[in-house]
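Notes to accompany the following structure.
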Amino acid sequence: MKLLVISGGRHPYHESTPILQQFLTAAGHEATVSEDASMLGDADAMAQYDALVFNTLREGELVLSASEQEGLKGYVSGGKGFVCIHIAGCAPDSWPEYHDVTGGGWVMAKSFHPPYGHFTVNVSQPGHPGVAGVSDFETSDELYMGIVFKEGNDVFITGDSEDGTHPWRGEDTFMPGGTFPLGWTRSYGEGRVFVTLLGHNGLSVRTPQFQQIVLNGVEWATGG
């Protein structure tokens, strides 16, 4: 498949994106990486790609322009695939409707997570295409909490956490335990949207099961 990978923003993408491109290419995909999102506003240019992969944080100075926003929505709703990794589903204050596309994700003012660390990812829906060839696994990553989560999401992986108090933005913060969604699929118009909240840094994306989940996502999002 021909993939456009958008990268860049306030995350260690200098670590994660080269690894992402490497394993996508090794699987036989043509993965073009760019930190310039302006192509999203050009429907003719976007038509050459089978799927769009977001490994990026588009907030602050990098927030998508109005034409880029409309281009992304048109691309996906028109029947193309969208794979959204980690914090790439963050909706800026100026575009909360982005979560209608992704089915939810990080919100700067309200979302949180315990310190980066080691935890178990649970396959909550065996047989879902997102976890083909994957069973419960250990990873080093961030376990997102307090995200927006929309109706219509089909969750396939989760993570568990116990009640705890952790440093967050300069102060100790109580974080209630529970089971939290870490990956889901949904439809947007005629398009397919595949989201995983995993993939914070280079160590995270080296996890073999993470890579398999992303490859499964590309296959599913492109109708495979």
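Quick notes on this structure:
- Screening the range 139-224 for strands (runs of 3 or more DSSP E) wholly inside it with 2 or more residues that are among the aliphatic types (A, V, I, L, M) returns the ranges 154-161, 191-196.
Matching residues to (1) over 20 Å from SER161 (Cβ atoms); (2) surrounded by fewer than 18 Cβ atoms within 10 Å (Cβ to Cβ); (3) basic (Lys, Arg):
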| position | (1), (2), (3) |
| --- | --- |
| GLY60 | yes, yes, no |
| GLY79 | yes, yes, no |
| VAL83 | yes, no, no |
| HIS99 | yes, no, no |
| GLY104 | no, no, no |
| HIS113 | no, no, no |
| ALA132 | yes, yes, no |
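- Checking SER140, SER161 one by one, the residue that is over 30 Å from GLY74 (Cβ atoms), surrounded by fewer than 19 Cβ atoms within 10 Å (Cβ to Cβ), among the hydroxyl-bearing types (Ser, Thr, Tyr) and free of Cβ contacts under 8 Å to residues at least 60 places away in the same chain is SER161 and no other.
- Failed condition for ASN55, given (1) within 25 Å of PRO96 (Cβ to Cβ); (2) out of contact with any Leu (no Cβ under 8 Å at 6 or more places or on another chain): (2)
- Any chance ALA45 is in a helix (DSSP H, G or I) and under 15 Å from the mean Cα position of the chain (by Cα): no
- Evaluation of LEU64 against the conditions (1) crowded, with 20+ Cβ neighbours inside 10 Å; (2) in contact with a Lys or Arg (Cβ under 9 Å, 6 or more places away or on another chain); (3) within 22 Å of ASN201 (Cβ to Cβ) shows that the sole unmet condition is (3).
- Test for PHE180: is it surrounded by 18 or more Cβ atoms within 10 Å (Cβ to Cβ), within 18 Å of GLY127 (Cβ to Cβ) and of a type in the set (Phe, Trp, Tyr): no
Every number here is computed from the coordinates shown, using simple stated rules; none is lab data. Since we're looking at a predicted model, the values are computed, not measured. Cβ atoms come from the backbone with ideal geometry, glycine included; neighbour counts cover every protein chain shown.
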